[in-house]
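Read through the structure below, which is laid out as structure tokens, and then see the notes.
The values are calculated or read from the model by the stated rules, or taken from the named source; none is laboratory data. The shown structure was predicted, so the numbers you read here are calculated from the model rather than taken from an experiment. In this analysis, Cβ positions are derived from the backbone assuming ideal geometry, glycine residues included, and neighbour counts consider all displayed protein chains.
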Amino acid sequence: MTILKRSGKSEKLVKNKIFDSICKANDTVKEDERLTQKQIKRITDSIFAYCENLEEPLDIDTLEDLIEKKIMENNGYEVA
């Protein structure tokens, strides 16, 4: 799966980058509002599986919206 960056460059989607970005956002909220590592892994796996099934490249803004939606579906409203 290819991601189209804002610069116009394309980049291969890397699962760890999704996981790391969610973890960074998670670290910015109070501990009692954080997602668990298990939730983050489940969100990451879900996003990656979805993206793998796409035939067209995904732009970074759409990917960010998808990540935010999945976080909120897991009650991580403060993280999103």
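Here's the yes/no breakdown for (1) of a type outside the set (A, V, I, L, M); (2) modelled with pLDDT of 95 or more; (3) at positive phi:
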| residue | (1), (2), (3) |
| --- | --- |
| Ile3 | no, no, no |
| Gly8 | yes, no, yes |
| Leu13 | no, no, no |
| Thr28 | yes, yes, no |
| Ile40 | no, yes, no |
| Glu56 | yes, no, no |
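Within segment 16-43, can you find the residues that are under 16 Å from Thr2 (Cα atoms) and either of a type in the set (Ser, Thr, Tyr) or surrounded by fewer than 16 Cβ atoms within 10 Å (Cβ to Cβ) (or both)?
Correct list: Asn16, Lys17.
Can you pull out the residues in segment 69-80 that are closer than 25 Å to Lys5 by Cβ and loosely packed, with under 15 Cβ neighbours inside 10 Å?
Lys69, Met72, listed by residue number.
Could you go through segment 30-48 and let me know if any residue there is in contact with a Pro (Cβ under 7 Å, 6 or more places away or on another chain) and farther than 18 Å from Glu78 by Cβ.
no
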